[in-house]
Structures are given as structure tokens and as C-alpha cells.
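What follows is one structure encoded as C-alpha cells, with my remarks underneath.
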Amino acid sequence: MENKTPKTGTLATFDKTTMTRRNVVLAATAIALTGGAHGQSTNAPIRILVGAPAGGSTDTLARSLALSMGPVLGRIVIVENRPGAGGNIAADAVAKAAPDGNTLLLSFTSHAINATLYPSLPFNPVKDFTALTCVATSPSILVAHPSLPVKDVQELIALAKAKPGQLNFAIGSVGSSLHMAGEAFKMQSGVDIVNIPYKGTAPAVQDVLAGQVQLMFAAIGNVKAHIQAGKLKALGVTSLKRLPAFPDVPAIAEALPGYESSAWFGLFGPAHMPAARIKQISDAARQALQQPDMRQRLDIEGALPVGNTPEQFSTFVQSEITRWARVVKFSGAKPE
């Protein structure tokens, strides 16, 4: 379907030179499927800004969401990457955009973490946005190099207490949800484990694989193959319950009651969007989450679909800011 040529004139006012080849295909697909349905103008695309580089989990989910939302809205939906400052550059652009629903933000857990991590922000993470829906949550997994003499979280806590400051965590990005998962673990268990920061997830994983660092909280998609190959040892998942993909790996909460730490991905618009537009976009996003292709993409990323209401998502975001504030302050982390 992506190779079909749109009707003559459909892209007449659309500046293709500003888009990547991938986004041109996305735009053409949406138009071909909808033919300008719902009476919406296709002259101006809806943009979903992503505060992360192309190729990562947030970017991949945004592109899948855009592809599924386009036909529902009868509009072109494209993704624009604006990485930097932990997602704050993209968030600031959306906070200052017109509240017409044509500029959206697919953000992640850092939206809540940054409220405390950064001494000052050019926007209010609650008041300057319209929460539309939580797209998905993504539990992580605590892994260890096979040489570490523990088989579960209970034994890890005992070892860490016996050897304070002698174990270490690899951290792909300071202030990230995975960094904070480790800080929450230390805060709730009362252990002293040293952080080893890296410039990205890939080098962090490589050093754990090499035994240079002993432990890491990682996204499931980044370590699943290594666990299955026996190159990493899975100690626990950060969801409240065990995951179907790892039925034999306990939830950390089984050893540390109340522990839970999942990354989340959510769709926002600028503040003061009209109620009808909020409903239209939120409904389209939730419909997109029901599509088989979208479900498959979430499964590959180790993510679980959510699709709650704008009211529910708004309440959730505010609770996340409060929750992570305690962990950020405990960690003493500063923005990179």
C-alpha cells in the first residue's frame, strides 16, 4: 500500500523537501487510506514531536502511532525528532504551539522526572500541556553479569548490605527512568550500590556483558536476547507482577513489597485545546492502540498498551511528578 501513488493534487501544497523519505511514505499512506475523510484539510500535517533521536523506543512508538492515527483522523500525521535536554526541547516547542491540535508531543517518563531534576524549566509540565492519553507502559528488568554470586533480588540485597559501595549499576543516561528505577531500588531496600554513568544504553549493556559492571536496570528489548543466551542473569522485573515474557523471573516486589517502576509513553498537546479537539485526538490515539500492527510493535518493545482518558492521564502525570520527586532528591542527580 505504501507504494501506491496518491490522487493527483493531494500533495500539491505539501513541502516534501522538509520530510524524510520515511515520513513522505507515511503521509502518502495516510492520504491514500483516507482520501481526506472527515472533511479535514490535508494541507497542513499534524506533527508529533519526539524529544529523542530516531530509532529509539519513543521514536518507534511515535511513528507506529502516527501511521495508525492518520487514517482515523483523515489527516497526514508525521513525526519530528527534536532530541536534547532529556526531552525538554520538544516539550517546550509543544508548550508554545497553537492549541489547535496540529502540534503534539509523544513524551516519556522523563516528562515527570524533569520537573524535579531540572532547577528550572521554560514550561510547566502540567499547566502548559493537555494530557491526551497514556499510550503504553514499559516495565524494565534488573540484570546481572553471570559471575555475580546471587540468583535473585533477595540475595542481591543481602550481598549489597554485606558489601556496601562495592557493587555497581550501569546507567545509560543520568536522570532517565532506568536510572531512577535503580535509585528507587536503593532507596526502598536501603543498600549502597554505586552508579556508573554511560553516554547511552548500548555501551552500558556492553560493559555489563563484559563483566566490567555487575548490574543494570534495562529495557526488556535491549537485553532479552542476552538473557536467553545466558550472557546475562535476570534477577527481577520492575512490574508489580511477573511478565508473560519472563514467567520464571520474579517481580522485584516479591522481595521488596511495593516496588514498581515502569517507563511510560504519553501523548500531549498544548494547553487550552478545545474540548472537541481533545476528544477527537484522544479517541484516535486509543483506536490506534487497538490496531494489530500497533500491538505488535508494542510487544516487540516489551511495552503494554494503556489508552486511558485525558482526565485519567492528567491525574497520572501529576502523581508521577510527586512520586519521582522523592527519588530524584534521594539520588542527588543533576541534569547532564
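The values are calculated or read from the model by the stated rules, or taken from the named source; none is laboratory data. Just so you know, these numbers come straight off a predicted model, no measurement behind them. Cβ atoms come from the backbone with ideal geometry, glycine included; neighbour counts cover every protein chain shown.
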**Set ARG286, ARG277, ARG326: member being more than 17 Å from the chain's Cα centre (by Cα) and closer than 22 Å to HIS111 by Cα** = ARG326
**Item:** Condition met for ALA284 (assigned by TED's automatic domain parsing to the domain that holds GLY51, buried (at least 17 other Cβ atoms within 10 Å of the Cβ), under 17 Å from ALA136 (Cα atoms) and not polar (S, T, N, Q))
**Value:** yes
**Prompt:** Do you know which of the residues in region 70-92 that are buried (at least 22 other Cβ atoms within 10 Å of the Cβ) and out of contact with any Leu (no Cβ under 9 Å at 6 or more places or on another chain) is farthest from ALA136 (Cα to Cα)?
**Reply:** ARG75
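Per-residue answers, yes or no, for (1) modelled with pLDDT under 95; (2) in contact with a Phe, Trp or Tyr (Cβ under 8 Å, 6 or more places away or on another chain); (3) on the phi < 0 side of the Ramachandran plot:
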{"site": "PRO83", "(1), (2), (3)": "yes, no, yes"}
{"site": "GLY86", "(1), (2), (3)": "yes, yes, no"}
{"site": "ALA95", "(1), (2), (3)": "no, yes, yes"}
{"site": "SER110", "(1), (2), (3)": "yes, no, yes"}
{"site": "LYS127", "(1), (2), (3)": "no, no, yes"}
**Message:** Could you list, ordered by first residue, the pairs with Cβ atoms under 9 Å in which the first is in region 58-81 and assigned to a loop (DSSP other than H, G, I, E, B) and the second is aromatic (Phe, Trp, Tyr), at least 6 apart or interchain?
**Reply:** ILE76/PHE14
**Asked** Restricting region 187-237 to residues that are among the hydroxyl-bearing types (Ser, Thr, Tyr) and either in a loop (DSSP other than H, G, I, E, B) or touching a strand residue (DSSP E or B) at 6+ places or on another chain (Cβ under 9 Å) (or both), which is nearest to VAL249 (Cα to Cα)?
**Response** THR201
